[in-house]
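Student: Take this structure, written in structure tokens, and hold onto it; I'll ask about it next.
Quick note: the coordinates plus some simple rules give every number you see, no bench work behind them. Quantities reported herein were computed from a predicted structural model and do not represent experimental measurements. When we count neighbours, we look across all protein chains shown, and the Cβ atoms used for this are built from the backbone with ideal geometry, even at glycine.
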Amino acid sequence: MNTLYREISEQPEVFRRIAKAYVNEETFEAWYEDHPGTVYFTGMGSSLFAAYPAYLYLLSRGFPVIYIDASEFLHYGLSGVKNEDTLLLISQSGESYEVLEILRHLTSRPRIFAFTASPKSTLAQKAHRVFDILSGTEYAVTSTKTHTAMLVTLNLWALAQAKDKDAFLHASLDLELLSEEAERLIESAPEWTKKTLEAMAFAQNAETKVIIARGPALASAWHGCLLMYECAKETFLSFSGGQFRHGPLELAIKTMLAIILALPGKTQKLLVNLAEELAARGVGVLLLGQEQKLRYNVEVIPLHFPNELFAPALSVIPLMLLAYALAEDKGIEPGKAFLIQKTTLKE
């Protein structure tokens, strides 16, 4: 079995492992910290994308939080960090260049929390607290199980900081449903990915290809583009649904393929409306999340999962499987990279 496909397939097991290890009253109490200053979420690539749902959740609960690319934070943000702040340094490998450089250049002494798949890494050794995302080692260059495990673990941490005990403990049921839905998608992937690619064949050579989402699901849109770049060597652009209307919508005068993530939550209806509007203009639309067919010719992949916070860990899996199938169709070994490595060691 291809390494990338094996790691995609391991995700249900990882979700259950996280639930068994962390979703209990002891962990809820142990993870809570008082944060007198600002909480910074920082990392690179899929690690940073995975933090976005937790960031939005804490933002909605009134926490002073900042979400920032580690390479920008390194050069433009460190002087504002105070001793009372908390830095969440997020790196699957624990060896990402920019993240370690942040540690080298800090002049203040904030609390350092490491979220990583490598609890013996350089980052883990230098952190005040280490949170193992329990994905195990990932070997394919294209990130799959480490991204979703990071997202789920960060969400649980955020729930603990907000003292949302009911939601934290309910996550055992959420993660079981997430595992079951992921298994359904993965086991049936040979059939539905082929059908989807055939149905959208007319749009595969579109002049513009976009992935659109809102809220927590933006994590999936951003990582979905990365999956297409690394795995299928396809150029996609990612947009929030709101930002898409402020200019990029004009690209729909050309041939366009739009993958729209309309997950349950505050903005689902807005995204469904956008999907219908684009389809009416002749855009090829693939809608993830919505369970019923629309009025126009829209290809739909239903996702049966109601929790908006954890849903991005599910909605990104169809994008993984589509990128994999597209790579195979093009004769590319899925997950093989030519210009990048698993861990980026220089800036």
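Student: Just name one of 97, 27, 153: the one whose Cα is farthest towards the positive end of the charge dipole of the chain (beta-carbon charges, Lys/Arg +1, Asp/Glu -1).
Tutor: Going by the charge dipole, the pick is 97.
Student: Return the calculated 222 nm mean residue ellipticity for the chain, to the nearest 500 deg cm²/dmol, obtained by summing -39500 (n - 2.57) across DSSP H runs with n ≥ 4 and dividing by the residue count. If you can, show how the numbers build up before the last one.
Tutor: Working: 15 runs with 158 residues, N = 347.
-13500 deg cm²/dmol, from helical runs alone.
Student: Could you tally the net charge around residue 77, taking each other residue with its Cβ under 13 Å from the Cβ of residue 77, Lys/Arg +1 and Asp/Glu -1? Spell out each step's value before the answer.
Tutor: Numbers: positive: 82; negative: 69, 72, 85, 98, 101.
Every neighbour counted, the sum reads -4.
Student: Hey, got a sec? Which GluC sites (Glu not before Pro) in region 19-48 land in a DSSP loop and have at most 16 other Cβ atoms within 10 Å?
Tutor: Details: sites: 25, 26, 29, 33; in loops: 33.
In loop regions of region 19-48 (DSSP not H, G, I, E or B), the sparsely surrounded GluC sites (Glu not before Pro) are 33.
Student: Roughly how many Å is it from the Cα centre of region 80-159 to that of region 1-56, as a whole number?
Tutor: Cα centres, region 80-159 to region 1-56: 10 Å.
Student: Here's another thing I want to ask about it. With a cap of 16 neighbouring Cβ atoms within 10 Å, and only residues DSSP puts in a loop, list the chymotrypsin sites (Phe, Trp or Tyr not before Pro) found in region 51-107. Kindly include the intermediate steps, with their values, before the conclusion.
Tutor: On the way: sites: 55, 57, 67, 73, 76, 97; in loops: none.
Here no chymotrypsin sites (Phe, Trp or Tyr not before Pro) fit, given the DSSP loop and packing criteria.
Student: Suppose every K and R has +1 on its Cβ and every D and E has -1 on its Cβ; what is the size of the dipole of region 99-188 about the Cα centre, in Debye to the nearest 20?
Tutor: 820 debye
Student: Moving on to the next point. Could you tell me the calculated FRET efficiency between residue 60 and residue 205, based on Cβ-Cβ distance and R0 = 35 angstrom, to the nearest 0.05? Don't skip to the answer; put the middle values down first.
Tutor: Values: r = 40 Å, r/R0 = 1.15.
My answer for the efficiency is 0.30.
Student: Note down the relative contact order for the chain as a percent, whole number, built from C-alpha pairs under 8 angstrom at least six residues apart. Before the final figure, lay out the partial values.
Tutor: Details: 659 pairs, mean separation 68.3, N = 347.
Once normalised by length, the contact order is 20 percent.
Student: If you take the square roots of the eigenvalues of the alpha-carbon gyration tensor of the chain and sort them as a ≥ b ≥ c, do you get rounded (a/c under 1.5), prolate (a/b over b/c) or oblate? Working shown, then result.
Tutor: Details: a/c = 1.58, a/b = 1.53, b/c = 1.03.
Prolate.
Student: What Kirkwood hydrodynamic radius do you get for region 2-127 when you take the inverse of the mean 1/r over all pairs of distinct Cα atoms, in Å?
Tutor: Details: mean 1/r = 0.0636 Å⁻¹.
Answer for region 2-127: a Kirkwood hydrodynamic radius of 15.7 Å.
Student: Test of the criteria: in region 99-187, which chymotrypsin sites (Phe, Trp or Tyr not before Pro) are in a DSSP loop and have at most 14 other Cβ atoms within 10 angstrom of their Cβ?
Tutor: The qualifying sites are 139.
Student: Classify region 188-329 as rounded, prolate or oblate, taking a ≥ b ≥ c as the square roots of the eigenvalues of its Cα gyration tensor: rounded when a/c is under 1.5, otherwise prolate if a/b is larger than b/c and oblate if not.
Tutor: Working: a/c = 1.27, a/b = 1.04, b/c = 1.22.
Judged from the Cα gyration tensor, region 188-329 comes out rounded (a/c under 1.5).
Student: Could you order peptides 84-94, 144-154, 229-239 by the average number of other Cβ atoms within 10 Å of their residues, highest first?
Tutor: On the way: 84-94: 24.4, 144-154: 28.3, 229-239: 19.1.
Packing proxy ranking, top to bottom: 144-154, 84-94, 229-239.
Student: Okay, next question. Among 75, 133, 45, flag the residue with its Cα farthest along the positive direction of the charge dipole of the chain, charges on Cβ as +1 for Lys/Arg and -1 for Asp/Glu.
Tutor: Working it through, the farthest residue towards the positive pole turns out to be 75.
Student: Given a cut-off of under 8 Å on Cα pairs at least six residues apart, what relative contact order in percent is computed for region 131-290? Please list the in-between numbers first.
Tutor: Numbers: 163 pairs, mean separation 30.5, N = 160.
Relative contact order comes out at 19 percent.
Student: What length, rounded to one decimal in nm, is gained on full extension from residue 269 through to residue 16, with 0.36 nm per residue of separation minus their alpha-carbon distance?
Tutor: Working: separation 253, 0.36 × 253 = 91.08 nm, distance 3.06 nm.
Net length gain for the segment: 88.0 nm.
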